[in-house]
Every structure is written in structure tokens, then in C-alpha cells.
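Student: Below: one structure in C-alpha cells.
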Amino acid sequence: MQSELEDLVPGSAAADLAAPTHSSPKTPARIQSLDVLRGIAVLGGLGVSIWLFGGFTANQKLQLLQVHKGYNYGMFSTISLLLEGKMLSLICLVFGAGAVLYMQKKQEGKLQPADLFIRRQLWLLAFGLLNALLFLWSGDILFHLAILGILIFPFTRMRARGLVIAGFIAALFFTGKIYWQHADHQSIYAKYVAVLNAEKKIKKDSALRAKEAPKKDAAIAGNAKPALSKDTTKAAIAAIKKDTLTAKQVREKQAWEGLVKSTKYDPKADEGTFKNMRKEKFGEVYDHVLPSIQQKEAQWTYNTGIWDMSSLMLIGMAMFKFGFFNRRWKTSSYLVLSIVGIGLGLALAWVRLYLHQQEILDFEKYIQRYPIPHNLLVPFEKILMVLGYASLVLLLLNTAIFRTVFSAFAAVGKLALSNYLFQSIACLLIFTGYGMGYFGRLEQYQLYLVVFEIWIIQIVFSVFWLKVFTYGPAEWLWRCLVYARWMPIRESKAFATIEHNPAIL
């Protein structure tokens with residue numbers, strides 16, 4: 001049965017994988033495809049998050065991009081093409097769909113859907129802070145979903161076409177932010193070139209003065225006065241100053257050199273990070289991770305995340321209103337969207353990876369040659385890929401064999417919050433010194449073995465848990481907090497009518 005508080009995505013509605021299931025009159029039918037997509041996103045997201053969990057650093061990625069060959073590079077590039085950024089986008093897509101459904105639901109009590117939604121989001125924010133500060137997961141997304149969910153929920157009243165336009169406008173803003181950074185790099189390089197030209201002029205002037213120095217020395221030696229005049233001293237100081245860069249020019253030169261250095265692999269750059277993450281005291285690991293958490297939960301959210309995530313949320317709202325998630329489209333429409341979305345998305349992803357390699361190999365040459373950043377079209381790469389993935393899943397749900405397979409993903413999706421938090425706890429205990437201390441000690445293929453192990457545990461746990469209980473442990477706690485009362489973890493017929501009656505609040 002449906003509960004508006006049971007999933008990571010607000011208010012998914014409900015149906016069986018094959019056909020709608022009917023329950024009490026006040027319980028809406030469940031759109032099981034949302035559970036399936038959410039489960040895929042939670043599991044698939046770990047395939048990318050494991051990089052940060054396990055110590056596969058940005059510096060090590062630079063090394064692979066510079067070498068661009070071997071098994072490790074093959075695994076990295078495959079994950080980057082297929083999953084990087086896409087699983088978060090898939091969560092946002094389904095989140096947007098759930099928000100529309102939640103706001104459309106009729107309530108009979110004092111608290112309206114908007115009130116319940118905001119209360120729900122605020123508690124989700126608390127879960128995000130818990131995940132980041134207690135489980136030390138600097139890549140937490142719950143905080144961002146909570147904040148952006150509050151910001152975008154008024155858009156649920158918009159028509160589908162308006163939501164599509166709003167989503168693409170947000171994506172264009174994101175693209176503009178990406179280009180702005182590239183333009184800053186071009187500006188820094190232009191200043192660097194100007195400084196180099198100034199240095200050349202200084203050297204040339206210095207060489208000329210060096211040739212004239214013997215003549216001046218002879219003139220001074222023949223001078224009857226024993227010391228230089230005041231005016232002559234000033235002229236000498238001014239000449240010396242002309243032979244050196246100004247403080248501003250030095251800063252401009254160092255700015256570019258710092259950018260170039262940031263694109264090069266440094267074999268010693270990760271030593272400090274590995275040492276700090278392997279410390280056995282929780283407080284010491286916390287002190288190291290805290291700056292990253294603060295940057296992600298504050299600066300990234302309002303600088304990048306608001307455009308990145310909201311674009312997919314808005315498009316998810318639109319797709320729900322178009323009947324996409326209810327499988328109301330023709331089979332041919334899902335097929336075309338899956339082929340076009342995944343095909344074009346992969347093409348953009350390949351171009352992104354290729355240009356990133358060119359940037360890493362010679363950053364100066366890249367700035368001179370390419371007028372756009374390597375990741376300029378990432379927002380549209382994500383939109384295309386996510387819509388393609390979702391279309392493919394909905395298409396396969398029409399076949400009996402895949403309905404059986406996807407039922408396992410649906411179970412994971414119903415316990416999305418519990419499974420997401422479990423991933424953080426498991427990786428905290430496996431990788432940090434507070435646990436087993438494997439941070440930075442595993443090869444890439446070994447990291448993915450850890451991922452597969454966690455996947456198996458979560459799938460098995462989710463399937464068997466739902467045979468006994470209606471809600472996951474974290475989902476149950478979330479419901480209790482939102483309703484501000486002790487709620488059953490296992491639904492009964494007597495409670496079914498009460499739970500969906502907001503008057504009890």
C-alpha cells in the first residue's frame with residue numbers, strides 16, 4: 001500500500017509491475033516504475049560514489065586520463081560514460097515526478113499537501129546532515145534534495161510544457177556557469193601571456209642597459225663629484241624597478257601556473273589525504289572531511305547544484321504530467337526516446353571525455369585551440385541519458401521476464417532512504433581508519449567488487465524485509481518524525497484507513 005512518507009521520492013503512487021493493484025479508496029494506486037527507477041539510481045549511484053568513498057581521487061583520475069589506456073582506464077571511462085552524473089539525475093527526475101503526485105493528492109485534515117511536503121523536506125534535510133556529519137559522507141545528496149525540493153515545489157502547478165521550458169532554462173543556466181569558468185581560464189591565460197611579453201621586454205631593456213653600463217661607469221668615473229646626485233639616485237632606482245615584474249604581474253603569472261599544475265598528476269598529492277582518512281580516531285577523520293562537506297553542502301548547492309538538479313526535477317514533473325511514468329505512451333515512443341536519448345547522450349559523453357583528455361595532456365594548447373570547455377554540454381548529456389534510461393526501463397517492464405528482474409530493483413527503491421544510508425555506513429566502516437582503513441588501498445576493480453557485494457546485500461535485504469514489514473527502518477522513522485507520532489512499521493487493515501486520513505495530525 002502507498003504511504004506518502006515511505007520513499008526517498010515524495011509521494012510515489014502505486015501499481016504492480018504488470019498491472020495496477022487496488023487497495024482502500026483513500027489509497028492511490030502505486031506507480032511501481034518509480035520504485036524500479038529509484039532502486040536502479042540508488043544502486044547505480046554507488047558505482048560512482050565508490051570513487052570518493054574508496055579514495056580514487058581526482059589526482060588519480062588525471063593519471064588515467066594522461067595515460068588513457070589499460071584496464072583501469074577502461075573501467076573508469078566506462079563508468080564515466082554510463083553512470084557519472086546520470087544516477088543523481090535519475091533520482092532528481094523521479095523526485096520531480098513524485099513531488100507532482102504528492103501535491104495533487106487530496107487531504108481531509110488541517111495540514112494540506114504543501115504543509116506535509118515542507119515538513120517532509122525539512123526532516124530529509126536533517127537526514128542529510130546526519131549522513132554527512134555522522135557518517136562522514138561528503139558526497140551526500142539528501143541535503144540537496146531537501147533544499148531544492150522546497151524551492152521547486154511551487155512549480156508543481158505549472159503545465160507540462162511550461163515545466164519542460166523551465167527545465168531547459170535551468171540547464172542553460174548550468175551551461176552558462178560552466179562556460180563562465182572556462183572564460184575565466186581564458187582571461188587568466190591572456191593575462192599570463194601579457195606578463196610573458198612584459199618579461200621579454202624587461203630582458204631586452206636590461207640587455208640594452210647592460211651594454212650602456214660601461215659608458216655610464218666611465219662618465220661617472222670622470223665626474224668630479226664624489227657621490228651621485230639625488231636626481232641620479234632616483235633614476236637608478238627607477239631603472240632597477242623597470243627590470244622586475246610588479247606584484248600584480250607576479251600574481252597573474254602564478255594564477256596560470258597554478259591552473260596548469262592542477263591538471264597534472266602529482267604522485268605525492270594524495271599522501272596527506274590517505275594519511276588523514278586512515279586515522280583511527282573519528283574526530284581526526286571528521287576534521288579532515290568537514291571542509292569538503294561544507295563546500296558541497298553550501299557552495300556547491302547554491303553555485304552549481306541548484307541548476308544541475310533542478311533542471312531534472314522540473315523535467316521529471318513534466319514527464320509525470322505527460323503520463324510517461326504511468327506507461328501511457330505507445331511502445332514505439334518509448335523505443336524511439338530510449339534509442340535517441342542513450343545514443344545522443346553517449347555521443348556527448350564521448351566528446352566530453354575526449355576533450356577532457358586533450359585538456360589534461362596540454363592545458364595551454366587546449367585553451368588556445370578550443371573556445372569551449374570540455375564539459376559544456378554535460379547538462380544536456382544528463383537529460384538525454386536519463387530520459388533514455390527511463391524509457392528503456394519502462395519499455396522492458398512490459399515483458400514478463402524483466403518484470404521479475406525489476407521486482408528486485410523495486411524492493412530497493414521502496415527502501416531507498418534506508419539503502420542510501422546503509423551505503424554510507426558500510427563505506428565508512430570499510431574505508432576509513434575509524435573502520436577497516438582501506439581508503440586508497442584498493443585498485444579500481446577491487447572497489448567495484450565492494451560495490452557488487454553491497455548491491456547483493458541490499459537487494460537481498462530489501463526483498464526479505466518487505467516480506468515482513470511495510471516500511472524500511474529509515475522510512476518508518478521518517479514517517480514518525482513527519483507525523484509527530486509513533487507509527488506502525490507494519491501496515492494493517494485497521495491502520496490503512498487511519499494512515500491516509502491527515503486529520504490524525
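Student: Please name all residue pairs, on different chains or six or more residues apart, with Cβ atoms under 9 Å, provided the first residue is in region 262-285 and is within 17 Å of PHE56 (Cβ to Cβ) and the second residue is assigned to a loop (DSSP other than H, G, I, E, B) and open to solvent by 80 Å² or more (accessible area, probe 1.4 Å).
Tutor: PHE274/ARG441; ARG278/TYR438; ARG278/ARG441
Quick grid of which residues meet (1) basic (Lys, Arg); (2) at pLDDT 95 or above; (3) within 24 Å of ASP115 (Cα to Cα):
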| site | (1), (2), (3) |
| --- | --- |
| PHE461 | no, yes, no |
| PHE464 | no, yes, no |
| ALA474 | no, yes, yes |
| TRP486 | no, no, yes |
| ILE489 | no, no, yes |
| PHE495 | no, no, yes |
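Student: Looking at region 437-458, which of its residues are under 20 Å from VAL412 (Cβ atoms) and either acidic (Asp, Glu) or open to solvent by 50 Å² or more (accessible area, probe 1.4 Å) (or both)?
Tutor: Passing the criteria: LEU449, PHE452, GLU453, TRP455, ILE456, ILE457.
Student: Which one of the conditions (1) in contact (Cβ under 8 Å) with a residue 60 or more places away in the chain; (2) part of a helix (DSSP H, G or I); (3) surrounded by fewer than 20 Cβ atoms within 10 Å (Cβ to Cβ) does VAL336 fail to meet, given that it meets all the rest?
Tutor: (1)
Student: Can you tell me which of (1) surrounded by 22 or more Cβ atoms within 10 Å (Cβ to Cβ); (2) under 18 Å from ALA171 (Cα atoms) is the one PHE325 doesn't meet?
Tutor: All conditions are met except number (2).
Student: Output the residues belonging to region 35-52 that are of a type in the set (A, V, I, L, M, F, W, C) and either open to solvent by less than 20 Å² (accessible area, probe 1.4 Å) or not in a helix (DSSP H, G or I) (or both). Reasoning before the result, please.
Tutor: Initially, region 35-52 is screened for residues of a type in the set (A, V, I, L, M, F, W, C), giving 36-37, 40-43, 46, 48, 50-52.
Hits for region 35-52 are VAL36, LEU37, ALA41, VAL42, LEU43, LEU46, ILE50, TRP51.
Student: Starting from region 317-328, take each residue that is touching a residue at least 40 places away in the same chain (Cβ under 8 Å) and list its partners that are open to solvent by 70 Å² or more (accessible area, probe 1.4 Å) and of a type in the set (Lys, Arg), counting only C-beta distances under 6 angstrom and pairs at least six apart or across chains.
Tutor: none
Okay, residues lined up against (1) among the small types (Gly, Ala, Ser); (2) crowded, with 20+ Cβ neighbours inside 10 Å:
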site	(1), (2)
SER262	yes, no
GLY283	yes, no
SER292	yes, no
ALA298	yes, no
GLY305	yes, yes
MET319	no, yes
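Student: Here's something else I'd like to know. Determine whether LEU421 is part of a helix (DSSP H, G or I), without any contact (Cβ under 8 Å) to a residue 24 or more places away in the chain and within 24 Å of LEU136 (Cα to Cα).
Tutor: Numbers: part of a helix (DSSP H, G or I): yes; without any contact (Cβ under 8 Å) to a residue 24 or more places away in the chain: no; within 24 Å of LEU136 (Cα to Cα): yes.
So LEU421 does not fit the description; no.
Student: What is the one condition in (1) buried (at least 21 other Cβ atoms within 10 Å of the Cβ); (2) closer than 21 Å to LEU142 by Cβ that ILE430 does not satisfy?
Tutor: Of (1) buried (at least 21 other Cβ atoms within 10 Å of the Cβ); (2) closer than 21 Å to LEU142 by Cβ, only one is false for ILE430: (1).
Student: To continue, here is another question. Give just the number: which of (1) outside any helix (DSSP H, G or I); (2) at pLDDT 95 or above; (3) not small (Gly, Ala, Ser) does ARG327 not satisfy?
Tutor: The single condition ARG327 does not satisfy is (2).
The values are calculated or read from the model by the stated rules, or taken from the named source; none is laboratory data. As the structure is a computational prediction, the values presented were derived from the model and not from experiment. Please note: Cβ atoms are built from the backbone with ideal geometry, for glycine as well, and neighbour counts cover all protein chains shown. SASA here: full protein model, heavy atoms, side chains in, ligands and nucleic acids out. Shrake-Rupley method; radii C 1.70, N 1.55, O 1.52, S 1.80 Å.
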